[in-house]
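Reviewing the structure listed below.
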Amino acid sequence: MWWNDIAQLGNTLASDPRWASGIAPTARIEPGAVLDDTGGPIAVGADTVICTGAMLKGPIIIGRDCLIGNQTMIRGPALIEDGVRIGFATEIKNARLAKGATIGPMCFVADSKIDEEAYLGAQVRTSNQRLDRTPVAVIHQGERIDTGHDKLGCWIGARASLGIQVIVLPGRVIASGSLFEPRFTIDRNYPRGRYRTRQTVEAY
């Protein structure tokens, strides 16, 4: 179950051969970036750039040729695969980002799984906690399942695209290849497709 993958992320990192590899010689850590490994190791792959002002708190594995933008915060455990781009002032917490994913500026991605080449525009939010503080439920194969997790984000499928200020409610699954235009609230598991909200404008 995908939500258990998120819950077991720390164990996944510990069994990854890159766990103890440290900072690759060709990685670039710009002045002012902070890598805090007191909570666990931080591994950074070849040719990855971590920009000024970024704050990383292990345990974290970052693959090759990634960009971690200015003022970004990553709170481990986090697994970030090759070619991922993360924009300015985004926060990543307890998340898996697959190869080639793009996370725009000022996003919040927590307790979530992001598949290959998914695209999140600026200010996308993955909500990870219910307002009533009860455990998050998911719909899996048509059945409602109580995950038992107080905090759980979402699963965004491969090559899905989310426009600026899209909000994803806890426990939702976004089908691969789907497109959601700006300011859409994803409150259910929509079938694969293209979605937008209808806007009404009144002059006064």
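The values are calculated or read from the model by the stated rules, or taken from the named source; none is laboratory data. Worth saying up front: this structure is predicted, and the values here are computed from it rather than measured. Don't worry about glycine lacking a Cβ; one is built from the backbone with ideal geometry, like all the others, and counts go over all protein chains shown. Heads up: the accessible areas ignore ligands, DNA and RNA and are worked out on the full protein's heavy atoms, side chains in. Shrake-Rupley method; radii C 1.70, N 1.55, O 1.52, S 1.80 Å.
With the condition kept exactly as written, say whether any residue in the stretch 161-170 is touching a helix residue (DSSP H, G or I) at 6+ places or on another chain (Cβ under 6 Å) and either modelled with pLDDT of 95 or more or surrounded by 21 or more Cβ atoms within 10 Å (Cβ to Cβ) (or both).
no
Please enumerate the residues belonging to the stretch 97-134 that are without any contact (Cβ under 8 Å) to a residue 60 or more places away in the chain and among the basic types (Lys, Arg).
Correct list: Lys99, Arg125, Arg130, Arg133.
Can you run down the residue pairs with Cβ atoms below 8 Å, 6 or more apart or on separate chains, where the first is in the stretch 56-67 and over 16 Å from Ala20 (Cα atoms) and charged (D, E, K, R) and the partner is open to solvent by 10 Å² or more (accessible area, probe 1.4 Å) and not in a strand (DSSP E or B)?
Filtered contacts from the stretch 56-67: Asp65/Gly45; Asp65/Ala46; Asp65/Asp47; Asp65/Asp82; Asp65/Gly83.
Considering each of Ala203, Ala122 in turn, give the residue that is within 15 Å of the chain's Cα centre (by Cα), small (Gly, Ala, Ser) and either buried (at least 18 other Cβ atoms within 10 Å of the Cβ) or part of a loop (DSSP other than H, G, I, E, B) (or both).
Ala122
Only strands (runs of 3 or more DSSP E) wholly contained in the stretch 12-63 count here; list those with 1 or more residues that are over 20 Å from Gly100 (Cβ atoms).
Of the strands (runs of 3 or more DSSP E) lying wholly inside the stretch 12-63, those with at least 1 residues that are over 20 Å from Gly100 (Cβ atoms) span 34-36, 42-44, 55-57.
In the stretch 103-157, which residue that is farther than 16 Å from Ala78 by Cβ and hydroxyl-bearing (Ser, Thr, Tyr) is modelled with the highest pLDDT?
Filtering the stretch 103-157 for residues that are farther than 16 Å from Ala78 by Cβ and hydroxyl-bearing (Ser, Thr, Tyr), the one modelled with the highest pLDDT comes out as Tyr119.
Please specify each residue of the stretch 85-115 satisfying the condition of being open to solvent by less than 20 Å² (accessible area, probe 1.4 Å) and assigned to a strand (DSSP E or B).
Ile86, Ile92, Ala95, Leu97, Ile103, Val109, Ala110, Ile114
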